[in-house]
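Comments concern the structure below.
The values are calculated or read from the model by the stated rules, or taken from the named source; none is laboratory data. Every value quoted in this text rests on a predicted model; they were computed, and no experiment measured them. Here the Cβ positions follow ideal geometry from the backbone for every residue, glycine too, while neighbour counts run over all protein chains shown. Note: accessible area is taken over every heavy atom of the protein model, side chains too, but ligands, DNA and RNA are not part of it. Shrake-Rupley method; radii C 1.70, N 1.55, O 1.52, S 1.80 Å.
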Amino acid sequence: MTIYAATVLHEIGIPIYKRFKKGKERPIEPLIAAILGLANEIGLGDIAHASFERAGLIVLRGMYERKLLLSLLVDKVSHQSYVKGAYLLTKIEKNIDSLPDYVTDEIIAKTKDIVDSYFGLLDQIPNIFDQAFISAAEKFGPMFYGSLLIMLYRELGEDPLLTFIKDPRKFVKTLDDLIGVEATNQFFISFAKHICELYPEICIKIELRDIKTFIHKILSKTRKHGRRESIIIFRELLEEGIDAIIHKNI
């Protein structure tokens, strides 16, 4: 997956900072603002992503600071592009603290510092979830993986891992409805174990010693809290895990 550009902007369309990887810089902000405005006008809510003939665009909204938006121009929309976007956006949010109804020079400088520091590191983020997801599903039986994917695609209308990263609460609740709460718990325990096997530095970073207890705690919070709180929990864990991977590779 190739990231062509990262654009940070205020939800009203004011640009904050833009970073292109290669090629001629293009004004992406008017496109994002126009799509957001149209979606809100006809009651569709936020844009999640859009696919074009030559590229894809994903847009993520801040969870700590709702007025902050990050878009990535990528070669193809995928759950991996969302992982990288969520990681970068979390770093930006924590650095700027809060965003008023206008953009200050200080916010621009802080955003530039974070984007310039992490943009080149995004390519080092591996596809953390694919193999672990497959291995966890196959634990339930040789036919389970294929049938589970079909059921999830039917219910979610997209790559299940895309929903998992965008809206973990929706993913968990959909899985609860399809296979039951206890089976969902067992699935995520196996999922986490495989991630620890593939990337032990992640589990060391988040001090994950008792996987079963940890997963039960996270799933309990996810089921109990609203969408925003669940996304914050997930993005915090994602940030810690990716920090561990990047630190190992530096």
_Whichever residue in segment 38-79 is farther than 18 Å from Asp167 by Cβ, open to solvent by 10 Å² or more (accessible area, probe 1.4 Å) and among the aliphatic types (A, V, I, L, M) and, among such residues, is modelled with the highest pLDDT_ = Leu73
*For residues that are assigned to a helix (DSSP H, G or I) and polar (S, T, N, Q), scanning just segment 80-118, find the one that is surrounded by the fewest Cβ atoms within 10 Å (Cβ to Cβ).*
Ser117
*Is it the case that some residue within segment 133-146 is part of a loop (DSSP other than H, G, I, E, B), open to solvent by less than 30 Å² (accessible area, probe 1.4 Å) and at positive phi?*
yes
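Identify, from the list Ile165, Ile233, Ile206, the residue that is buried (at least 19 other Cβ atoms within 10 Å of the Cβ) and either of a type in the set (A, V, I, L, M) or under 24 Å from Asn95 (Cα atoms) (or both). Can you show your working first?
Details: Ile233 fails: buried (at least 19 other Cβ atoms within 10 Å of the Cβ); Ile206 fails: buried (at least 19 other Cβ atoms within 10 Å of the Cβ).
The unique qualifying residue is Ile165.
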_If Glu158 satisfies all but one of (1) touching a residue at least 24 places away in the same chain (Cβ under 8 Å); (2) outside any helix (DSSP H, G or I); (3) open to solvent by less than 70 Å² (accessible area, probe 1.4 Å), what's the number of the condition it fails?_
(1)
*In the set Ile195, Ile211, Ile150, Ile128, which member is over 18 Å from His247 (Cα atoms) and touching a residue at least 12 places away in the same chain (Cβ under 8 Å)?*
Ile211
*Take the residues in segment 214-225 that are in contact (Cβ under 8 Å) with a residue 24 or more places away in the chain and not hydrophobic (A, V, I, L, M, F, W, C), then tell me which one is surrounded by the most Cβ atoms within 10 Å (Cβ to Cβ).*
Thr222
